[in-house]
Amino acid sequence: MARADRWGAVPKVATFGIAIRACFGKPAFKIMQQGRTPLGVQNEAFPEKTMIFGLFGKKNSNQAIVDRQYQALTSAARMPELYERLNVPDTVMGRFEMLSAVMILFFRRTRASGTSGQEIAQEIVDAFFQDIDYSIRELGIGDNSVPKRMKKLAGMFYGRLESYAQAMDSRDAEGLATALVRNIHPKAKEAVDMRGLADWMFAAEDYLLSQSEDVIATGSATLPKVA
């Protein structure tokens with residue numbers, strides 16, 4: 001698992017190799033940030049020109065804040081209890097699933113934040129996919145295959161965003177557990193209980209909502225331990 005552990009650090013690499021914007025059929029980040037904005041109403045705090053990954057190439061004046069927050073999120077995704085007690089497989093894909101879930105939780109929190117919190121969230125989106133790109137290359141995937149792998153993983157992430165958001169918006173713990181089983185254990189021949197992870201995700205969302213905007217703006221948000 002040494003290679004998977006590298007997902008916990010933000011890589012300082014100059015090459016990216018793919019325009020991730022093309023991986024999404026819909027503006028996922030914009031949808032997340034709009035949150036409960038009425039259908040058809042533009043989110044003026046996050047105009048279309050700064051949709052998902054719109055900050056690639058932008059000089060980052062908040063790097064320390066982004067690094068601190070990203071490290072906190074990846075540390076939460078690597079909590080041993082998630083794998084030892086909540087039926088998440090301790091594999092490369094299992095860690096991708098938990099990192100995706102943690103990122104989605106954070107983005108759901110920042111959709112109600114001011115401009116600074118939303119800017120941090122978007123830069124963390126960039127860091128997340130840069131990290132995945134870096135990890136794929138470390139696993140020995142050839143340059144020609146990386147774009148296809150990234151497109152597949154980006155599509156997986158977006159699908160999880162939609163399914164988890166639908167269940168969490170309606171506070172449907174059983175629906176969330178079903179979505180988690182489908183995504184984390186797609187080949188399971190026997191029933192897998194993911195209700196514990198679903199309950200933790202609801203608790204984590206409430207925990208994040210209880211944290212102030214100052215905490216978000218300084219990159220100091222944390223997630224709760226597994227109860």
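None of the figures in this text is laboratory data; all of them are computed from the coordinates on show. Quantities reported herein were computed from a predicted structural model and do not represent experimental measurements. We place every Cβ from the backbone using ideal geometry, glycine too, and count neighbours over all the protein chains shown.
Other residues lying with their Cβ under 11 Å from the Cβ of A121 contribute a combined charge of 0, Lys and Arg counting +1, Asp and Glu -1. Once the C-beta distance of S170 and V92 is scaled by a Förster radius of 35 Å, the resulting FRET efficiency is 0.65 to the nearest 0.05.
Each peptide among 212-224, 120-132 gets the average number of other Cβ atoms lying within 10 Å of its residues, and from highest to lowest they stand as 120-132, 212-224. Sorting the segments 90-102, 168-180 by their mean number of nearby beta carbons within 10 angstrom, highest to lowest, gives 90-102, 168-180.
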